[in-house]
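Take a look at the structure set out below.
The values are calculated or read from the model by the stated rules, or taken from the named source; none is laboratory data. Every value quoted in this text rests on a predicted model; they were computed, and no experiment measured them. Every residue, glycine as well, gets a Cβ built from its backbone with ideal geometry; the counts of neighbours run over all protein chains shown.
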Amino acid sequence: MPEPSDRHAAMADFLLAAAGFVLTMVALGLVRVLYGPAAADRIMSAQLLGTGGIAALLLLAEGMRVPAGVDIALILALLAAFVSVAFAKGAVHWEHDGE
Amino acid sequence: MVFDIGLAVLVVAVAAWTIAARDVFAAVVSFVAYGLLLALVWVRLAAPDVALTEAAIGGGLTGGLLIGASSRLRGIEAPAANEKPGRGPWLAAALLCSLVSIGLAMIVPVLPEPSPTLASQAAANLAATGLSNPVTAVLMAYRAIDTLLETVVLLLALLAVWSLAPDRFWGGLPGRRQNADPESVLTFAAQLLVPMGILIGIHIFWIGSVAPGGEFQGATILAAVWILAAMAGLVEGPPVSRQWLRLMLVAGPAVFFMIGLAGFATAGAFLAYPEAHAKLLILIIEVPVTLSIAATLALLLAGPPERGPQ
Amino acid sequence: MSLALNLLTVLAVCAGAFFFLAGTAGLLRFPDPLSRLHALTKADNLGLGLVVLGLLFQVDGLLAGLKLISVWLLALLAGATVTQLIARAARPGGTPE
């Protein structure tokens, strides 16, 4: 039977690995920012970044046993909404200025 | 360990991309990504207070500011992209950056371990301040003068932004007119997000005494919620000449300063709190400061007045 | 008991990570913006939701659990709104607000 501390350490390692995996996905999604032909593609990368970042943050904070992680995630979720909306409105204005 | 290296590489890569991006929009998205990654780094270093502040201010607020700035720069983006610095300044900048990087790389490994710190003394005197979060104790009790000066600096920045308004719009409505359809998705979402945001902002402000949080972070959330409501067309920014708005802006620093002066009489020094009432005094300071900072940040985000007062 | 909880966490988090993988793959490989948007929303809703579900088993206290669910709901709301705005902007001849 593994010791409780071993189990906690194993869980922490798993959560850290999961956070790393999600971050890798987000990093790949950022490639869209590089090659995206339209502003819409860039906004979508930002959206993925926000959601993936929140997931990675929650996993990391739980793995490191930092209880404030949920509060940080709350702020990120709210501000990601704010920034995404600002982007989307900005993009709509730009695509009309360009015409 | 692999995670740490991967995160560090990602941070550097995103930073490099932010600088190298040709398109302003992509650079701003990249910068917000950079702020998010930094928040992750701070959590990894077990510094949740810094992570919270980075997420709120570095990510959300600065992102909003940059988007506003980049939309105003849209007209001159093409000619500005053709300007390049000459050989001389480029080489000088590269040399200085390299020197700083090498200096840091040489110094950081030989720092004394454990590093000299006042943390134990700060923690030991925590009971006298009535708070249990040492970071808030530093901000509001041990180094309250810094926080007071920060609030004043924010006000000065706001005055600088207002001074950019053309004379005929002085005292007018900040920001552009928003063409918002009252039946649209954005309006509906804002009607849901705004109450939740206000709740979250108050929560973050309130738990600052026992957990990561505090007035600047709470104020940032409230300011972002206001701007969201303005973008959705739910509220129309008040003209900046309104008396009540100006009172709200100065109320925080004013209360802070007066309680500081009262410290001479009650506890013997500027911004000293008598031990029995420390927590109450800090609370009395924090509430108006949060409101003032929220208003200041919201107005900073909205920009200088661009329409006449109505 | 906690072994069962840990197992559930591992399962849910793995499933969530899989949806993030699918969402990113779609974002990179699908041919046009609207189908990319479709892939992205899967990652948003299911990926984050499963991760939150997995972490719910690890957390202690009702308030922390409620906060976790609120994070997910906020992300859903923000995602749904922005998706609408993006879709309008990405439509050929994007219409104004």
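Figures for the structure shown
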{"read-out": "A:ALA56 being closer than 14 Å to C:LEU21 by Cβ, within 8 Å of chain B (Cβ to nearest Cβ) and either among the acidic types (Asp, Glu) or part of a helix (DSSP H, G or I) (or both)", "value": "yes"}
{"read-out": "Any chance B:LEU36 is among the aliphatic types (A, V, I, L, M), under 23 Å from B:LEU222 (Cα atoms), within 10 Å of chain A (Cβ to nearest Cβ) and surrounded by fewer than 23 Cβ atoms within 10 Å (Cβ to Cβ)", "value": "no"}
{"read-out": "Single condition B:GLY233 does not satisfy, out of (1) within 14 Å of chain C (Cβ to nearest Cβ); (2) at negative phi", "value": "(2)"}
{"read-out": "Of all residues making up segment B:179-205, the number that are surrounded by fewer than 16 Cβ atoms within 10 Å (Cβ to Cβ) and at pLDDT below 75", "value": "4"}
{"read-out": "Failed item, numbered, when B:LEU173 is tested on (1) within 22 Å of B:VAL250 (Cβ to Cβ); (2) within 21 Å of the chain's Cα centre (by Cα); (3) of a type in the set (A, V, I, L, M, F, W, C)", "value": "(2)"}
{"read-out": "Verdict on A:LEU79 being part of a helix (DSSP H, G or I) and either at pLDDT below 85 or among the aromatic types (Phe, Trp, Tyr) (or both)", "value": "yes"}
{"read-out": "Unmet criterion (only one of (1) of a type outside the set (D, E, K, R); (2) within 16 Å of the chain's Cα centre (by Cα); (3) modelled with pLDDT of 90 or more) for B:LEU36", "value": "(3)"}
{"read-out": "Residues within segment C:1-18 that are more than 10 Å from every other protein chain (Cβ to nearest Cβ), without any contact (Cβ under 8 Å) to a residue 12 or more places away in the chain and part of a helix (DSSP H, G or I), tallied", "value": "2"}
{"read-out": "For C:LEU21: the one exception among (1) free of Cβ contacts under 8 Å to residues at least 12 places away in the same chain; (2) more than 7 Å from chain A (Cβ to nearest Cβ)", "value": "(2)"}
